[in-house]
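This report concerns only the one structure given below.
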Amino acid sequence: MRVAVIGAGVIGLSTAQSIYDQYHSIVSPLTIEVYADCFTPLTTSDGAAGFWQPYLYDEGKIQETKWNKETFDYLLSCLSSPDSVKMGVFLQSGYNLFSEPTPDPSFKDIVLGFRHLTKKELQIFPGYSYGWFNTALMLEGKSYLPWLMDWLQKRGVKFYQRKIESFKELAETGADVIINCTGMRSGELQPDPELKPGRGQIVKVDAPWLKHWILTHDLTKGVYNSPYIIPGSRLVTVGGVFQLGNWSTQNNSTDHKNIWDSACELEPSLKHARIVDDWTGLRPVRSKVRLERETIPAGATTIEVIHNYGHGGFGLTIHRGCAQEAARLFGQIVKQKGRGPRARL
Amino acid sequence: MKSVKVVVVGAGVVGFSTAVCVAETLPSCSVTLLADKFTPDTTSDGAAGIVFTAKFPDIPLEQQRRWFKESFEHFLAIAQSQHSSEAGVLMSSGWQVFKEVPADTKPFWSDVVLGFRPMTARELKRFPDHKFGQAFTTVKCECSSYLPWLEKRFRKAGGQVERRKVNNLQELSQSYDIIVNCSGLGSKTLAGDTQVYPVRGQVLKVQAPWLHHFIRDGDGKTYIYPGIHSVTIGGTRQEGDWRLEVDEGDTRSIVDRCSRLEPSLSKATLLGEWVGLRPSKKNPRVQRELVLLQGRRVPVVHNYGHGAWGVSLSWGTALDALGLVRQCVDEMTPRARL
C-alpha cells in the first residue's frame, strides 16, 4: 500500500511514525511518503515554545483529553530513553496564574504533582491571587522534528518538498491513502469554515537563570492573550497573543511591545535578558480537532483520506494521541481493502 | 561619624554577607574586609548554592529556623527582583529522594521553602531505587556572581576591601576595635578552634541545559543542581580529608550515582571539576568573646563553621553576627565611639 502524508509538522511526521510502527509488519509492502512545502526548522511546530499543556477545559471534548493524556504518558516514558535529549523532551515545572479562583483544569491528573499555589507563592506574583503549580513536559519542535525525520528516513520513508494542490493529484500518482496533516492551510485542499488562524507572536530571549514556565490567564481575553514565559533548553519563549482571524505572518512591533512590557512586569529580571529573535506563527484553530476518515469520490473511483488537522495551540501537546488514532483509522482502511494479514495467506 | 573600626576576616559568602550587614546597618562603624582568597577562589565559589539546611544538635531550634528563614527570604527577594541574574540568585524546584523512608519526613525548614509536599507515586516512579521523596521550590545562589554583587553593595556602603593573609588576631588588634572572624576553616588557626574540620566535597560541572530541576538523594552524597550556565553534579562527604586535588575515583563514582538518578546525564558534556573543603563544626559558631591581644581586650565576633550550609545560612547568621557587633559597639566607652 502507498500512503501519502501531506504536511511535515509534528502532526504529519508523528502520524507517519504511528502508521509505520503499527502496520509495517502487517501490510507488505507499505510505502510511506511525506509531501510538504516546508520542513523543519520552518514549520509552525518549530516556532512553538514546545510546552505541553492543553487548553484549561476541554468543554466536553473528552476524546481530546484522552489524546492529550496519551501524548503526555508517551513523552514521559521517552524521558528515560537514551534518545530523550535528541528528541528534545524534558521535564519543567511552573505556574499557571489567575486573578480569581478558577476550577481545576482538564489536565490536572495528567501532569505530575498538580497542586494549588500557597499564599507565599502567590506573593511572588503581584496582581495574581490564585494559581496552580505542576510539573509538565517540554517537547522542542526544533529537536523533535529532526528526530522524527531521522527515525522515518531510517525506515525507508521518503520526503518530497512540494506543495500539493489537491488530493486528486496524489491519488493520481497511485497513493492508496492520503493523510491530510496540513494544519493552517488545510483550507486550500478542502474549504473548512471552522478552521481559522490563531495568530501568535513570540520573543525569544537568552535568560538561562529562568527554570520555570509561567503562564498567566485572563479569562476575559481568552487563551494565550496574556503574558507567558516559557524557558526552553537554550532560549526562553516570551508571549503571548492569540489573534483569531489574523493571517499575517509578519512580526508586529506593537505586539512585540505589549508582549515584552507585560512579561517584564511579570518577571522583572527579563530586563537584563538579551533579545535574540521574534517569531510569528498561525495556530490552526478549529472548534475541535478534525480527526476522521473521508472517502472522496474521484471519477470512477474514490480517494481515502484521513484528516488530522486543526490542533490550535496544542499540536505538540496532543500529537501522539492523534497520530495513534489516525493509525487506527488507517487500520480500518487496510481491513476494508483486504490488505491485512489475512490477504497474504 | 564612623569612629568604630571593624575588620571582617574572610571573603566567602559568610564574610561578605556579614560585612555588608555591618556596613549597611551601623553608621558608626567603618568596615574593612581582609582575606587572602577572593572570588573565584573561595570555598563558596564552587558550591552549587542550593538553599536548604540540616539540623544542628546544640543550637536552639528557634535560632536555626530564624537563620534559615532570614537567609531564604533574603534570597527569594533577590530572585524575584530585576537583580536576579546579576546576583546569581534564581528559583529552583525539584525533588529530594530517599532510598528508605526517613525518620523525619517533614524537616523544620519545610514551611520556609515553597510548596513543600511529599512526592506522588507517579513522581517516584522515575526513581526506582527510592521509596520516598519530597518536592519543593527553593532558591539557588551562585557565589561566583553573588560574591561580586555583595562586594559592590559593601563598597557602596563605604566598605574597604584589602587582600591580605591574616595569620593571627594579634596582627589586627592595634588597627581595629572589633574583629569579625568569618574565616571558615581558617578558624582552626585564627581562633585556635580544634573542633573545626574539613569535609571534602568534589563536584563536576556539566553542560545539560535541558535539566531544570534539582534532584538530591536524602543521604546528601548524590545530587544534581542545574544552575544558570551549567549543572553541578556531585558529590562526596569525606570528613577530615584536606585534599584539594580532584580524585578520579570520586569522579567515576559521581558520574555513576548521578546517572542513576538522571539517565540523560550520559549526554551531558563535562565542563570542569572542583574540590572544596566544607568548613565544618558540630554547630556553627556565631558568638562573641573578648580576647586579650597585645594587652588589649578586643571584642571578637565569630561567624564560622557552617559546614555544607554556608550559603543557606549566610544571611541569617550574618544578621546574628551583626547583632553581636552592635552589642560590642554599645558596650564600648562613649569616648571610643566619638
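Before moving on, here are some points about what is shown:
- The single condition among (1) farther than 28 Å from B:ASP217 by Cβ; (2) open to solvent by less than 30 Å² (accessible area, probe 1.4 Å) that B:GLU151 does not meet is (2).
- Only residues that are within 30 Å of A:ASP46 (Cα to Cα) and at pLDDT below 95 were counted across the range A:106-141, and they come to 0.
- Scanning the range B:259-288 for residues that are free of Cβ contacts under 8 Å to residues at least 40 places away in the same chain and part of a helix (DSSP H, G or I) returns B:SER259, B:PRO263, B:SER266.
- Any hit, the range A:45-54, residues being within 19 Å of A:SER143 (Cβ to Cβ) and charged (D, E, K, R): yes
- Tallying residues that are of a type outside the set (Val, Ile, Thr), within 14 Å of chain B (Cβ to nearest Cβ) and in contact with an Asp or Glu (Cβ under 9 Å, 6 or more places away or on another chain) within the range A:52-104 yields 6.
- Matching residues in the range B:270-294 - criterion: being closer than 21 Å to B:THR236 by Cβ, touching a Ser or Thr at 6+ places or on another chain (Cβ under 6 Å) and surrounded by 19 or more Cβ atoms within 10 Å (Cβ to Cβ): B:GLY276
- Considering residues of the range A:267-281 that are of a type in the set (A, V, I, L, M, F, W, C) and open to solvent by 20 Å² or more (accessible area, probe 1.4 Å) only, the residue farthest from the other protein chains (Cβ to nearest Cβ): A:TRP279
- Filter pass, A:PRO284 being surrounded by 13 or more Cβ atoms within 10 Å (Cβ to Cβ) and without any contact (Cβ under 8 Å) to a residue 12 or more places away in the chain: no
- Count of the range B:56-89 residues which are hydroxyl-bearing (Ser, Thr, Tyr), within 14 Å of chain A (Cβ to nearest Cβ) and touching a residue at least 60 places away in the same chain (Cβ under 8 Å): 1
- Test result for B:LYS125, open to solvent by 70 Å² or more (accessible area, probe 1.4 Å), more than 13 Å from chain A (Cβ to nearest Cβ), among the charged types (D, E, K, R) and more than 30 Å from A:PRO126 (Cβ to Cβ): no
- Of all the listed residues (A:VAL205, A:VAL241, A:VAL223), the sole one being open to solvent by less than 20 Å² (accessible area, probe 1.4 Å), away from chain B (no Cβ under 14 Å) and not in a helix (DSSP H, G or I) is A:VAL241.
- Scanning the range B:128-139 for residues that are more than 16 Å from A:SER93 (Cα to Cα), within 11 Å of chain A (Cβ to nearest Cβ) and in contact with a strand residue (DSSP E or B) (Cβ under 8 Å, 6 or more places away or on another chain) yields a single hit, B:GLY133.
- Hits in the range A:304-322 - residues which are hydrophobic (A, V, I, L, M, F, W, C) and over 11 Å from the mean Cα position of the chain (by Cα): A:VAL305, A:ILE306
- Residues that are at the interface with chain A (Cβ under 10 Å from one of its Cβ atoms), out of contact with any Lys or Arg (no Cβ under 6 Å at 6 or more places or on another chain) and crowded, with 19+ Cβ neighbours inside 10 Å within the range B:210-245 comprise B:TRP210, B:LEU211, B:HIS213, B:PHE214, B:PRO226, B:GLY227, listed in sequence order.
- Residue match in the range B:98-109 (condition: open to solvent by 10 Å² or more (accessible area, probe 1.4 Å), outside any loop (DSSP other than H, G, I, E, B) and closer than 22 Å to B:GLY227 by Cα): no
- Of the criteria (1) open to solvent by less than 30 Å² (accessible area, probe 1.4 Å); (2) away from chain A (no Cβ under 14 Å); (3) in a strand (DSSP E or B); (4) under 27 Å from A:TRP209 (Cβ atoms), which one B:VAL206 fails: (2)
- Qualifying residue in the range A:306-324 (condition: open to solvent by 10 Å² or more (accessible area, probe 1.4 Å) and over 23 Å from A:PRO54 (Cα atoms)): no
- Only one of B:THR53, B:THR39 that is within 23 Å of B:GLY235 (Cβ to Cβ), in contact (Cβ under 8 Å) with a residue 40 or more places away in the chain and open to solvent by 30 Å² or more (accessible area, probe 1.4 Å): B:THR39
The values are calculated or read from the model by the stated rules, or taken from the named source; none is laboratory data. Note that this is a predicted model, so its numbers are computed, not measured. As a convention, Cβ positions derive from the backbone with ideal geometry for all residues, glycine included, and neighbour counts pool all protein chains shown. These area figures cover heavy atoms from the full protein model, side chains too; ligands, DNA and RNA do not enter into them. Shrake-Rupley method; radii C 1.70, N 1.55, O 1.52, S 1.80 Å.
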